[in-house]
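Heads up, the thing below is written out as structure tokens.
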Amino acid sequence: MSIKTKPKNEVTLKKNWFIREEEETVILLRSIPSTVVSLFVVSVICMNLLANKTLVQTDWIALDGGILISWLSFMCMDIITKYFGPKASNKIAIFASAINLLTCLIFFIASVIPSQADDYTAFNSIFGGTWFILLGSTIAFLTSAAINNFLNWSIGKLFRKNPDGKLAYATQTYISTFVGQFLDNLIFSLIVFVFFAPIFWDGFHWTVLQCVTCALTGAVAELIMEIFFSPFGYRILMRWKEEQVGMEYLSYIKECS
């Protein structure tokens, strides 16, 4: 009986692909200004924590605390996508999600360590987290991030005469942000408040209508914030271009393509 082995050239190609991706990611992380990456990572962590609180709930609408900060995550992704491309933005989204998971693990460990110094019930409840909220937020964020980045980049390709103009930037960011935010809110609310909440929260749940309206109204609210802050994002892009930020990564991508 013979054992089938993969052709040597196929194994070599996969090994070379992993080496290239690793090298590309290292170059990317040192090419993107740390301020944008830091704000992005912090916003993702804050979204996860704020999602534990429902701010508004009626028969037709429900909003959680994540709406207050999620616009910042999408603005950072739009900036990175516009300048470095959708693949780079996807990698940073995965990086931010990994940091968020690590942070949640540290929070959870801190919450289960017993202490007699005071009553830390509220602290443990908040920072201990809820596993299905973390699951829902991670799936929703990574899915919506990939769609947002691809849509942003695709729309930008339509502006051939002036791809770096204000109109191109506004169109890219506004449309991709609205769609991305809608899907992020919808996927998260369906997973957490329709599927898991009735099981683990004594029957508390949102209806599908509430999830859809939450996703829609949340996307509108976050789009308004994006519109308000987009001039700052555009200035950052123009400054990066003027100062030739990240040329090491851009040159590397050009050489490999």
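The values are calculated or read from the model by the stated rules, or taken from the named source; none is laboratory data. These figures come from a predicted structure and were not determined experimentally. Positions of Cβ are backbone-derived with ideal geometry, glycine not excepted, and every protein chain shown enters the neighbour counts.
So, in the stretch 90-112, of the ones that are of a type in the set (V, I, T) and farther than 24 Å from S34 by Cα, which residue ends up modelled with the highest pLDDT?
Across the stretch 90-112, the extreme among qualifying residues is I109.
Taking the stretch 198-228, which residues are exposed (fewer than 13 other Cβ atoms within 10 Å of the Cβ), within 19 Å of L68 (Cα to Cα) and either over 19 Å from the mean Cα position of the chain (by Cα) or touching a residue at least 60 places away in the same chain (Cβ under 8 Å) (or both)?
Answer for the stretch 198-228, where residues must be exposed (fewer than 13 other Cβ atoms within 10 Å of the Cβ), within 19 Å of L68 (Cα to Cα) and either over 19 Å from the mean Cα position of the chain (by Cα) or touching a residue at least 60 places away in the same chain (Cβ under 8 Å) (or both): just F228.
Output the residues belonging to the stretch 30-58 that are assigned to a strand (DSSP E or B) and either β-branched (V, I, T) or touching a residue at least 24 places away in the same chain (Cβ under 8 Å) (or both).
Matches in the stretch 30-58: T54, V56, Q57.
Identify all residues within the stretch 154-188 that are surrounded by 14 or more Cβ atoms within 10 Å (Cβ to Cβ), more than 16 Å from the chain's Cα centre (by Cα) and of a type in the set (G, A, S); write none if there are none.
Scanning the stretch 154-188 gives G156, A168, A170.
Being outside any helix (DSSP H, G or I) and either within 30 Å of L39 (Cβ to Cβ) or not acidic (D, E) (or both) is the filter here, so list the residues in the stretch 199-239 that pass it.
W201, G203, F204, H205, W206, T207
Every residue, every condition in (1) at pLDDT 90 or above; (2) under 19 Å from the mean Cα position of the chain (by Cα); (3) closer than 30 Å to T213 by Cβ, yes or no:
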| position | (1), (2), (3) |
| --- | --- |
| F18 | no, no, no |
| L29 | yes, yes, no |
| N52 | no, yes, yes |
| G65 | no, yes, yes |
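Using the structure shown, decide if C214 is closer than 18 Å to S144 by Cα and touching an Asp or Glu at 6+ places or on another chain (Cβ under 9 Å). Break it down stepwise before answering.
Numbers: closer than 18 Å to S144 by Cα: yes; touching an Asp or Glu at 6+ places or on another chain (Cβ under 9 Å): yes.
So C214 passes the test.
Do you know which residues across the stretch 121-153 are surrounded by fewer than 18 Cβ atoms within 10 Å (Cβ to Cβ), in contact with a Phe, Trp or Tyr (Cβ under 8 Å, 6 or more places away or on another chain) and of a type in the set (G, A, S)?
G128
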